[in-house]
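The values are calculated or read from the model by the stated rules, or taken from the named source; none is laboratory data. Source: prediction; values computed, not measured. Neighbour counts are summed over all protein chains in view; Cβ atoms, including those assigned to glycine, are modelled from backbone coordinates with ideal geometry.
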Amino acid sequence: SGDDFAPPSTLTQSRLASIFSDVLGLERVSIHGDFFELGGHSLLATQVVSRIRSTFDVELPLGELFSSPTVALLSERLDLLHGSSSRQPALVPVDRAQPLPLSFAQQRLWFLDQLQPGAPTYNIPWALKLTGNLNADALLQSLNALIQRHEALRTHFAIHEGQPVQRILPDVRIALPVVDLRALDSSARDSEAQRIMREEALHSFDLSRGPLVHATLVRLTNDEFLLLITNHHIVSDGWSIGVIVRELAAFYRQFAGGEPAQLSPLPIQYADFSVWQRQWLQGDVLSSEIAWWRTQLA
């Protein structure tokens with residue numbers, strides 16, 4: 001109730017409360033409100049950690065939010081971390097001529113792929129239902145513009161001096177095959193669409209070659225379509241889907257109707273983050289992080 005609301009009393013609490021309310025989509029958050037009881041979940045928690053990283057210049061382990069899920073508790077942890085060894089190097093663009101390391105998340109997925117090459121276990125398949133007079137050529141242009149904008153979608157993984165590295169291709173273009181199901185009756189059409197979706201989800205990716213994104217357009221009726229997109233998790237995650245859909249729509253408006261996409265240039269790309277993470281997570285910082293996890297696992 002309104003009587004339970006406790007406002008922030010420090011600058012740290014005020015900034016945290018703003019982050020909580022923005023991510024949760026709430027007008028305000030009490031400093032004693034539990035993030036997860038207010039509707040938070042693991043995907044939103046990663047957004048909070050990201051916002052904390054940029055706002056406070058501190059790398060907060062995700063586990064801290066689970067153990068201190070209120071503004072009041074988390075602000076105490078942040079005040080302790082601020083100025084400690086958790087302070088980060090600057091996240092800046094790096095030279096693409098150098099061998100680019102994998103992030104720790106990418107290295108996990110690359111290692112697992114070495115055990116079962118091409119397995120679909122870490123595919124991220126999703127479908128977008130489109131209605132109306134679709135311009136398939138403009139949609140394909142939009143997909144390729146999106147791939148050009150995001151280096152991760154143009155990345156594959158090679159070996160350099162015995163270690164996996166990211167290779168970013170200057171130009172990658174995918175095809176958009178169209179499967180027309182209009183000749184089938186409603187029941188058969190639904191069944192065939194489901195089969196195609198399953199087949200798309202099981203697409204086998206070669207991490208050493210790429211591209212690591214695949215798409216198919218299914219035409220259900222004259223004005224109903226399914227856009228099926230599958231990415232490998234090594235170049236995208238669940239959070240990425242929202243970005244992809246939003247920017248794909250912007251590019252489609254441009255290519256189908258001439259309206260400028262109006263997307264701001266990206267100041268950094270994922271490879272920059274990978275280099276930053278490797279620079280930060282080493283020495284004493286890495287040792288303390290590993291020690292924390294060993295304690296939890298014990």
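When you look at Ser274, is it out of contact with any strand residue (DSSP E or B) (no Cβ under 7 Å at 6 or more places or on another chain) and among the small types (Gly, Ala, Ser), yes or no? Against the criterion (out of contact with any strand residue (DSSP E or B) (no Cβ under 7 Å at 6 or more places or on another chain) and among the small types (Gly, Ala, Ser)), Ser274 does not qualify.
Matching residues to (1) hydroxyl-bearing (Ser, Thr, Tyr); (2) buried (at least 16 other Cβ atoms within 10 Å of the Cβ); (3) modelled with pLDDT under 95:
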{"position": "Leu139", "(1), (2), (3)": "no, yes, no"}
{"position": "Ser142", "(1), (2), (3)": "yes, yes, no"}
{"position": "Gln148", "(1), (2), (3)": "no, no, no"}
{"position": "Leu153", "(1), (2), (3)": "no, yes, no"}
{"position": "His156", "(1), (2), (3)": "no, yes, no"}
{"position": "Pro164", "(1), (2), (3)": "no, yes, no"}
{"position": "Ala175", "(1), (2), (3)": "no, no, no"}
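Listed here are the residues, each with its yes/no results for (1) modelled with pLDDT of 95 or more; (2) farther than 28 Å from Pro89 by Cβ.
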residue: His214; (1), (2): yes, yes
residue: Leu217; (1), (2): yes, yes
residue: Leu220; (1), (2): yes, yes
residue: Ser240; (1), (2): no, no
residue: Ala250; (1), (2): yes, yes
residue: Arg253; (1), (2): yes, yes
residue: Pro260; (1), (2): no, yes
residue: Pro267; (1), (2): no, no
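Of all residue pairs spaced 6 or more apart or on separate chains, those with beta-carbon atoms under 9 Å, a first member in the stretch 27-56 that is under 14 Å from Gln13 (Cα atoms) and a second member that is among the β-branched types (Val, Ile, Thr) and modelled with pLDDT under 90 are Ile52/Val58. Considering only the stretch 167-184, I want to know if a residue exists there that is touching a residue at least 60 places away in the same chain (Cβ under 8 Å) and more than 20 Å from the chain's Cα centre (by Cα). The answer is no, given that none of the residues of the stretch 167-184 is touching a residue at least 60 places away in the same chain (Cβ under 8 Å) and more than 20 Å from the chain's Cα centre (by Cα). Of the residues Arg278, Arg253, Arg246, Arg198, which single one is under 20 Å from the mean Cα position of the chain (by Cα), in a helix (DSSP H, G or I) and assigned by TED's automatic domain parsing to the domain that holds Ile124? Residue meeting the stated conditions: Arg246. For the stretch 260-295, the tally of residues that are over 17 Å from Glu59 (Cβ atoms) and either of a type in the set (D, E, K, R) or out of contact with any helix residue (DSSP H, G or I) (no Cβ under 8 Å at 6 or more places or on another chain) (or both) stands at 5. Among all residues of the stretch 128-139, there is at least one that is part of a strand (DSSP E or B) and out of contact with any Asp or Glu (no Cβ under 8 Å at 6 or more places or on another chain). When Phe205, Phe225, Phe273 are screened for being modelled with pLDDT of 95 or more, outside any loop (DSSP other than H, G, I, E, B) and among the hydrophobic types (A, V, I, L, M, F, W, C), only Phe225 passes.
Give Arg189, Arg253 a once-over and let me know the one that is among the charged types (D, E, K, R), surrounded by 14 or more Cβ atoms within 10 Å (Cβ to Cβ), over 27 Å from Arg96 (Cα atoms) and without any contact (Cβ under 8 Å) to a residue 24 or more places away in the chain. One residue alone meets the criteria, Arg253.
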